[in-house]
Amino acid sequence: MLLQNPTKQAAVTTADKVFEQLQHAIVEGEMAAGSKISEPELAKRYEISRSTLREALNRLEKCHLIERKANIGSRVVDCTIEGLLELYITREALEGMACRQAALNMTDEEIGHMQSMLAQHAGDKALQDGVAYYQEEGDVDFHYKVILGSHNQQLINLICGQLYHLVRMYRCQFGMHSPRATRAFTEHSNIIQAISDRDGELAELLMRRHIAASRKNIENKIALQKAAQHSEEI
């Protein structure tokens, strides 16, 4: 059965296209975390009406990438330690469950594709040097493929539809360049082996541990950045 993937809906309307462009800019850090959004400025930049822009902003809000408050306006979400903890604790539970489901439901062909994908990742120079493990969005993202491999539409809707790009925002800005790169790749390899062995319990355990370690890594980076900013202000 072909399941719906909320992250891969075709951009049809102008609002769809603006939403995708703004989403990419936020995730990649081109629009800084915590920065205020000027609707007149964005409407002028994209040559669209304010109503079309607000449609795109409504979708960004549902993806938890912006916050909108009455009499204050819109702002890109801030990458805080508190937000990180809440998001990654949720990820541990949901992606752990998705991983267990993937061990039960993923086809042999899908597993083979994931093993080939990891082999391609292994050839990346930054990963070989142990400095970064960058994965493009979508079909070459390990976590994304595991979630789809769960074949559970509710989990796909929750993780890919509501949390995926917020997770990528944290990962892109704080987690992909790290001394954990080589270790993270090894953890991915162990997870896909457990899925291949159809060991749902082990697959879930390994995914939960993997996400917990990633959370700790990003948490440390944010804390160091906040401390450095505080020192500069003194």
Inset, instruction - For Asp108 paired with Ile81, estimate the spin-label separation in nm (one decimal), with each label point 7 Å from Cα along the Cα-to-Cβ line. - result: 5.0
Legend entry - Of (i) 64, 42, 33; (ii) 61, 51, 39; (iii) 54, 51, 31, the label for Cα extents along the principal axes in Å derived from the coordinates: (iii)
Legend entry - Degrees, to the nearest 10: 181-196 long Cα axis against longest axis of the chain: 60
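Net charge near Thr80, counting Lys/Arg +1 and Asp/Glu -1 over other residues with Cβ under 11 Å of its Cβ? Walk me through the numbers before you get to the answer.
Details: positive: Lys226; negative: Asp78, Glu82, Glu86, Glu219.
With Lys, Arg at +1 and Asp, Glu at -1, the neighbours total -3.
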Inset, instruction - Quick one: how many lysine pairs does the chain have with C-alpha atoms less than 17 Å apart and a gap of 8 or more or different chains? Give me the count, please. - result: 8
Inset, instruction - Take peptides 56-69, 147-160, 110-123 and line them up by average Cβ neighbours within 10 Å, highest first, as a rough protection proxy. - result: 147-160, 56-69, 110-123
Inset, instruction - State the percentage of accessible surface on the chain attributable to carbon and sulfur atoms; use a 1.4 Å probe and exclude ligands, DNA and RNA. - result: 51
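Assuming R0 = 30 Å, what is the FRET efficiency of Gln120 and Gln225, from their Cβ-Cβ distance, to the nearest 0.05? Intermediate values should be presented prior to the final figure.
On the way: r = 32 Å, r/R0 = 1.05.
Once rounded, the FRET efficiency stands at 0.45.
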Inset, instruction - Over the chain, give the accessible area per residue in Å² for a 1.4 Å probe, as an integer. - result: 52
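Divide by every residue of the chain the summed helix terms, -39500 (n - 2.57) for each DSSP H run of at least 4, and state the resulting mean residue ellipticity at 222 nm, rounded to the nearest 500 deg cm²/dmol.
Details: 11 runs with 148 residues, N = 234.
Helices in the chain give a 222 nm mean residue ellipticity of -20000 deg cm²/dmol.
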Legend entry - Student exercise, the stretch 41-119 dipole from Lys, Arg, Asp, Glu Cβ charges, in Debye to nearest 20: 600
Legend entry - Sequence ranges 161-173, 24-36, ranked by mean other-Cβ count within 10 angstrom, highest first: 161-173, 24-36
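The values are calculated or read from the model by the stated rules, or taken from the named source; none is laboratory data. As the structure is a computational prediction, the values presented were derived from the model and not from experiment. Using ideal geometry, Cβ is built from the backbone for each residue, glycine included, and neighbour counts are taken over all protein chains shown. Areas reflect the complete protein model, heavy atoms only, side chains present, ligands, DNA and RNA absent. Shrake-Rupley method; radii C 1.70, N 1.55, O 1.52, S 1.80 Å.
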